[in-house]
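The values are calculated or read from the model by the stated rules, or taken from the named source; none is laboratory data. For clarity, every value in this text was computed on a predicted model and none was experimentally measured. All Cβ positions, glycine included, derive from the backbone under ideal geometry; neighbour counts span all protein chains shown. What goes into the accessible areas is simple: the full protein's heavy atoms, side chains included, and nothing from ligands, DNA or RNA. Shrake-Rupley method; radii C 1.70, N 1.55, O 1.52, S 1.80 Å.
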Amino acid sequence: MQKKMKNSCFISSFFFLSVFYLLILIDRSAASSSINLLGVSPQDLSYYSGSSSVIKCKDGSKKINKSQLNDDFCDCPADGTDEPGTSACPNGKFYCKNAGHIPVTLYSSRVNDGICDCCDGSDEYDGKVMCPNTCWEAGKMARDRLKKKITTYSEGVTLRRKEIEQSKLAAEKDAAELTKLKNEEKILKGLVQQLQDRKEQIEKAEEKERLQKENERLQKEKEEKEKKDLEDKESDNNAPDTGNTGGVTTESTDDDHIGLVEDSPPLEDVTVHGKSVDEHQHSDDNEEARSSSEGEHTATEEASAVAPEAGIDTASKGDDASDNTESLSKEELGRIVGSRWTGKKSDQESAEADSAADDEDHEEQTKNIEDEEYNSYESETEDEHSTYDDEEADDHVEDLEEDASEPTSSSYKYETDDDSELTDISSRSNPSWLEKIQNTVRNILQAVNLFQTPVDKSEAARVRKEYDELNAKLSKIQSRISSLTQKVKHDFGSEKEFYSLYGQCLEMKENKYVYKVCPFKQATQEEGHGSTRLGSWDKFEDSYRIMRFSNGDKCWNGPDRSLTVRLRCGLKNEITDVDEPSRCEYEALLSTPVVCLEEKLKELQDKLALMNKEQPQGHDEL
Amino acid sequence: MKYTHNLYLYLLVILLVAPHLTTVFSWKKDEFRNCNQTPFCKRARSRKPMSCNLIATHVEVSDGDLKAFLVPKNQENQEEDQENQEKGEIHSKALILSLSVYSDGILRLKIDEDPSLDPPKKRFEVPDVIESGFLEKKLWLESVENKGGLNVVYLNGEYEAVLRSDPFEVLVRGKDGKSVMSLNSHGLFDFEQLRVKKEGEDWEERWKGHTDRRPYGPQSISFDVSFYDVSFVYGIPEHATSLALKPTRGPGVDDSEPYRLFNLDVFEYLHESPFGLYGSIPFMLGHGKSRGTSGFFWLNAAEMQIDVLKDGWDAESSITLPSGQSRIDTFWMSEAGVVDAFFFVGPGPKDVIRQYTSVTGTSALPQLFATAYHQCRWNYRDEEDVQNVDSKFDEHDIPYDVLWLDIEHTDGKKYFTWDRALFPNPEDMQKKLAAKGRKMVTIVDPHIKRDNSYHIHKEATEKGYYVKDANGNDYDGWCWPGSSSYIDMVNPEIRSWWGEKFSYQEYVGSTPSLYIWNDMNEPSVFNGPEISMPRDALHYGNVEHRELHNAYGYYFHMATAGGLVKRESGNDRPFVLSRAFFPGTQKYGAVWTGDNTAEWEQLRVSVPMVLTLGLTGLAFSGADVGGFFGNPEPELLLRWYQVGAYYPFFRGHAHHDTKRREPWLFGERKTELIREAIHIRYMLLPYFYTLFREANVSGTPVVRPLWMEFPSDEGTFGTDEAFMVGNSILVQGIYTEGAKQVSVYLPGEQSWYDMRTGTAYTGGVTHKLDVSEEAIPAFQRAGTIIPRKDRFRRSSKQMENDPYTLVIALNSSREAEGELYVDDGKSFAFQQGSYIHRRFVFSNGKLTSINLAPAATGKSQFVTDCTVERIILLGHSPAHKGALVEPSNQKADVEDGPLMLRPGRTPAVPTIRKPGVRITDDWTIRIL
């Protein structure tokens, strides 16, 4: 039996094979005449074609005779070393040359299984099925697609370089600004401190002055009393007394007034406003993130505390329902019970029982359209696969993208508070700004002589005003520092290539929904005025090929929403193919030049070169 | 949004406040009636032993049967309380009893009202279940022997049936006088006869806002059945409980419900609960070491409740058995119908199942693809999703045979239609799968959307094919599509009409590679009482739904399978999966255990559930791998695949709220291990298929409780964590997280070989084994031969021509045997003898292949070129001289080879390399 499998007999017994296939075999036999090298990849040729009559299983487990090579019996079960050309080993790999297209390595379980896997048909040689050689056509298509892809990549690589340059500049700028701001902060802090000290001194002085006055008044009163005692008649003349008491009040009012009245109201307004915004933003950036996640925790906890009772809310509803079913229409009851399986909110449904059916239909319809328009969730990873399908799927998307028809996708830079502040601060950030302030403060400090009583009221007011102003400036700078610090803390990629995506939002409209993806911030799905959070920025994954947004809004009967954005090389930043492969787990594609890597371009070019090289001679005329 | 929020809060408040909602489970206990809330059950359960006063009179043989009247003993005795007085009046009419005997030791008991006394209505007897072939096996009784007040008829050589007259009792006993089974030994028999409603009497029953008009009043039947010399009783699915049925009444059993048999769509069912699930089979087996196995089957489609009574339940009663035999008493209650009961004497477990399936039919032989792995999800959303999942299986080199589409593939849940936005080219999609030998299954449920533009609805309405409500209008219930009506499949004409809907012309978008899934056929009605159809709904022939409820899904399944047979003119075996079932379902297709949950305990309970289905004739069943509801941890999913690979029906399925869980989504290692679990199933397909054929011939299930193979080993009687696949493989599931060790009891005297390592373990001992995540323990029993196909392909189709591996595990006398059944895997040609059936026998150092198939005529001969490429000898010493193949007189090498072709080191065992023999031929191989 073993003998029968020898190469020559082997070939002659399959005379029906295509001429082309025979050519391959002969080609191979020429390389090493006596052994059957079917399914062996060129890299492995030397492994098998040594002069020894014995071959080792690659894992070293066993030595086998060369006659056992491709004899349709698995002797190296771990890796299939001995059966690259048959299906005998489950772990074997079959190499098909696919001249005219790219070579492919198959699981050897695909050999002689009745399905044509290699475009050259070399995997089906037992005569049960005829596989036409389609490598030329398939290869041409693949090459065309590859060329297109290479074009995109070459442009993309350039764009990416620019992007990196810009990112570097922006990052440097931000870093410089941060340094500068920190410096300013330091100085400003000092000034504010000085002013505060001075303010306190003034206040002390004023207090002293007040006490002094009080004493004086008391003294005066005393004197006057004495006077009065002395001259009772003069008691009608009490006005100074009232006047004096009133004086204290007035003073305190004056005190209040210093800031309000004398300062230019708009400025104060701005400051106050600015501050409140800052605070707001702070809480936005930090606390809210925390508190909201806390909030969410609570929500989750609540939910999970309830979860065991799952069927639950619907169930409790159902309970109510079943307890007094009379109060429900048959339809409502049906919906409520059905909702247990579908996970649709029963409360909503019972509340909107009449419209629910339409809604459902509507929803379904929309979903259908979505599904129709969008590619499914898995085909678009750019991982290198040896199968054509992936290649195709990949390109398919690219094509779609190039069509750029619908759904509409757009991007914009969102007006962050940071940005408005940036302009705010940069307008002041000419070098003299701080110096001016320093001078002013110095002048004030010098001008105000607090050791001199009574305190000069206008001077005191100046100090207060300046203090308030500078304090406001300080907190503004601090907030800017904090948001910048926040920003630079992010991972923007090995070359900071994602820097410019910070502060950008990409939008895609899909039927009634608008998907909004803001890298490093969050992603939402908006419908009319409602907005559902698909997730907040979490991290990059898969060496910057994936952006994760997690901890989005809680899903009814499902997980918290999340979004996985797969990045692919494209010429502009664009979000496409939003999909929900698992309930409340969204996926989208983001085309961006940022991931058009040079290595990948090189790889694609090499692949094309290889494909061109493998092209059989003379086929061009066909 | 805000509004919803408030409501949600409001619901939360209700949840937190409502005291009755403290249960942690979501199963809606309150939604389903318990026995106390079910009047007939409550009445029956409150009866005292020996309260039956019926005596058998006018005992005679007529038409080959033993016939008698059952009449109250002391009609004049009116000293009892008023209730009894009333009952006395009710029961004044005689009942007719008949006993028939069938070959192979089967006794049939029928008790019904006397039609000559003009009852208000003929009580319902379930048609279409009993095999016509069975009726031909009736033994015509000629005479009855009267031995001291006992009327004795011959049953078979070793057993006889006895009708005691006073008090009335039916008894099956051995010739040695030892009782096997009996009915009414405790005098609990009661038969509520139909009667005319009296003035002012209220027969209506209300439940959660539903009113059951009960126009025929009380008509329940109850009686006790005793099994003698048994350790446990088994059967009566479907319940998520242990294999050996726990007592439900008696000393120390607090507050337990009877086992309920009422087909229900239970949302998130619990394990360890006697409530009724999707299907009902009123067939119980008793098994004990000394006497063996016996079985009792009550053919009745109304709601049934069954108590297993614990020793001492009738302490007050003075009845003691003369023989001092041990026994288990059970109490059977049904809401309606007649007594049509069968006693099976066994004495072996396989005998009882053979006897039972001779009445209700054996499992249909499934197509080969149906025995392989199925991939399902609610829902694969569109054609692209389908294509992706399909190609991912190939990419990860994981075989699968069938991709399933759930309800979302339809246009608005109108079955036989496609959502053309998602599935614009269903034919192409199916053809693409078919090109790889793969099939598709779509769902077709019995609720028909009440939409005048829907052709099925239009036709069914016009033809009057719907089930009617109590007023005679088309019943309108709520299910997936919203307002729906239900086809009345009880009518054969309607079944035939339904079957036509599966023709390729009518089911647009269907192709020959499309098969069907029947869900929701309990029937599930979201707004009906207990999520089902009102009991006073009316079927063809004026049959009330209460009378046939448990058979509704059976008829639907039957009609669908009939349609698939018809569409290929009887040349293609149907595949239809059903959720609801009834005795006889095995003839029409597979069932699964419904909407389980991704929990370890549900994995555990799936095994006794599947074993119980096998014991009651349904050989082709499985549980959703991974658990339908919820997200399984990767470890649980993996363990489930490892157990599921041995379920007769092996399908992964998931609810649409769950995360995707296709096998490759849990990292490389898990992918590898799930792949291996699925590979094991594919490797064992020849063995499984042989077992399916055995089930088809004899009723013997594919997976079996240990005691079926080791009936006298008491250590196995209560086991349901381990199970047998056929007679050769013992599988022990792992049902806990992070298990490091597991105890396995390996029964019998022969040793067992670990199927992965070849290590031998002594039989009759409990072994404590280390376990890893790689596999669950599985052993080949010494003395058996298992046929395998070790080449891994994309689907079973590509394995068709692959060579076989035979694994011979030698017993202590260095012998072994096994079988292989092969046919074309799809057509009915096997019924004409077109198949290969071999027995492999190893003894005296020689393996012989013997033909078991009858000589087939040339035309119907099944031809294959498949050879045996490898013969593995477990328990054999190394044989370096090789082997001699006869009659070709060729030598084959014997060398040390791997037990399984898998990566990593596998132990080497003596292997005959490439003996080159064909499986169609007779041959011997002698080890030199």
>> Tally up the residues in the range A:473-483 that are buried (at least 19 other Cβ atoms within 10 Å of the Cβ) and not hydroxyl-bearing (Ser, Thr, Tyr), please.
In response: 4
> What is the residue count in the range A:549-583 for residues that are away from chain B (no Cβ under 14 Å) and farther than 30 Å from A:Val157 by Cβ?
Replying inline: 2
>> Checking the condition closer than 29 Å to B:Gly553 by Cα, of a type outside the set (Lys, Arg), open to solvent by less than 10 Å² (accessible area, probe 1.4 Å) and within 11 Å of chain A (Cβ to nearest Cβ), which residue from B:Tyr400, B:Tyr380 passes?
In response: B:Tyr380
>> Looking only at the range B:340-369, count every residue that is of a type in the set (A, V, I, L, M) and either out of contact with any strand residue (DSSP E or B) (no Cβ under 7 Å at 6 or more places or on another chain) or within 14 Å of chain A (Cβ to nearest Cβ) (or both) and tell me the total.
In response: 4
>> Regarding the range B:259-269, can at least one residue be identified that is open to solvent by less than 10 Å² (accessible area, probe 1.4 Å), closer than 30 Å to B:Asp657 by Cα, more than 14 Å from every other protein chain (Cβ to nearest Cβ) and among the polar types (S, T, N, Q)?
In response: yes
> Name the residues in the range B:522-581 that are within 14 Å of chain A (Cβ to nearest Cβ), part of a loop (DSSP other than H, G, I, E, B) and out of contact with any strand residue (DSSP E or B) (no Cβ under 8 Å at 6 or more places or on another chain), would you?
Replying inline: B:Glu522, B:Ser532
> Here are some residues: A:Leu169, A:Leu146. Which one is open to solvent by less than 40 Å² (accessible area, probe 1.4 Å) and under 32 Å from the mean Cα position of the chain (by Cα)?
Replying inline: A:Leu146
> Looking at the range B:885-894, is at least one residue more than 14 Å from chain A (Cβ to nearest Cβ) and at pLDDT below 95?
Replying inline: yes
>> Taking the condition of being outside any strand (DSSP E or B), surrounded by 23 or more Cβ atoms within 10 Å (Cβ to Cβ) and more than 26 Å from the chain's Cα centre (by Cα), how many residues in the range B:709-764 meet it?
In response: 2
> Counting only residues that are open to solvent by 10 Å² or more (accessible area, probe 1.4 Å) and acidic (Asp, Glu), how many does the range B:531-547 have?
Replying inline: 1
>> For B:Asn473, only one of the following conditions fails: (1) more than 17 Å from B:Ala559 (Cα to Cα); (2) buried (at least 20 other Cβ atoms within 10 Å of the Cβ). What is its number?
In response: (2)
> Going by the conditions given, is B:Ser226 more than 23 Å from B:Phe556 (Cβ to Cβ), at pLDDT 95 or above and away from every other protein chain (no Cβ under 14 Å)?
Replying inline: yes
> Can you tell me which residues in the range B:345-357 are within 15 Å of B:Ile281 (Cα to Cα) and either among the aromatic types (Phe, Trp, Tyr) or open to solvent by 10 Å² or more (accessible area, probe 1.4 Å) (or both)?
Replying inline: B:Tyr356
>> Criterion first (within 14 Å of another protein chain (Cβ to nearest Cβ), surrounded by fewer than 23 Cβ atoms within 10 Å (Cβ to Cβ) and under 21 Å from B:Glu408 (Cα atoms)) does B:Asp519 satisfy it?
In response: no
> What strands (runs of 3 or more DSSP E) completely inside the range B:777-827 contain at least 3 residues that are closer than 24 Å to A:Asp123 by Cα?
Replying inline: none
>> Tell me which strands (runs of 3 or more DSSP E) are completely within the range A:55-142 and hold 1 or more residues being over 45 Å from the mean Cα position of the chain (by Cα) and more than 9 Å from chain B (Cβ to nearest Cβ), or say none if there are none.
In response: A:63-65
> Does at least one position in the range B:484-499 carry a residue that is surrounded by fewer than 24 Cβ atoms within 10 Å (Cβ to Cβ) and within 14 Å of another protein chain (Cβ to nearest Cβ)?
Replying inline: no
>> From the list B:Pro237, B:Pro247, exactly one residue is open to solvent by 10 Å² or more (accessible area, probe 1.4 Å) and either within 31 Å of the chain's Cα centre (by Cα) or not β-branched (Val, Ile, Thr) (or both). Which is it?
In response: B:Pro247
>> Considering only residues that are touching a residue at least 40 places away in the same chain (Cβ under 8 Å) and farther than 21 Å from B:Leu403 by Cα, which ones fall in the range B:569-593?
In response: B:Gly570, B:Asn571, B:Ala580, B:Phe581, B:Phe582, B:Pro583, B:Gly584, B:Thr585, B:Gln586, B:Lys587
> Can you tell me which residue in the range A:515-544 is modelled with the lowest pLDDT, limited to those that are outside any strand (DSSP E or B) and more than 14 Å from chain B (Cβ to nearest Cβ)?
Replying inline: A:Ser543
>> Considering only residues that are of a type in the set (Gly, Ala, Ser) and either without any contact (Cβ under 8 Å) to a residue 24 or more places away in the chain or open to solvent by 10 Å² or more (accessible area, probe 1.4 Å) (or both), which ones fall in the range A:35-86?
In response: A:Ser41, A:Ser46, A:Ser49, A:Gly50, A:Ser51, A:Ser52, A:Ser53, A:Gly60, A:Ser61, A:Ser67, A:Ala78
> Taking the condition within 14 Å of chain A (Cβ to nearest Cβ) and open to solvent by less than 10 Å² (accessible area, probe 1.4 Å), does B:Ile443 pass?
Replying inline: yes
>> For the range B:174-183, which positions are buried (at least 23 other Cβ atoms within 10 Å of the Cβ) and not hydrophobic (A, V, I, L, M, F, W, C)?
In response: B:Ser182
> When residues of the range B:842-854 are filtered for being surrounded by fewer than 17 Cβ atoms within 10 Å (Cβ to Cβ) and either on the phi < 0 side of the Ramachandran plot or of a type in the set (Gly, Ala, Ser) (or both), how many remain?
Replying inline: 7
> Of all residues in the range B:899-910, how many are facing chain A (nearest Cβ under 10 Å) and touching a residue at least 12 places away in the same chain (Cβ under 8 Å)?
Replying inline: 6
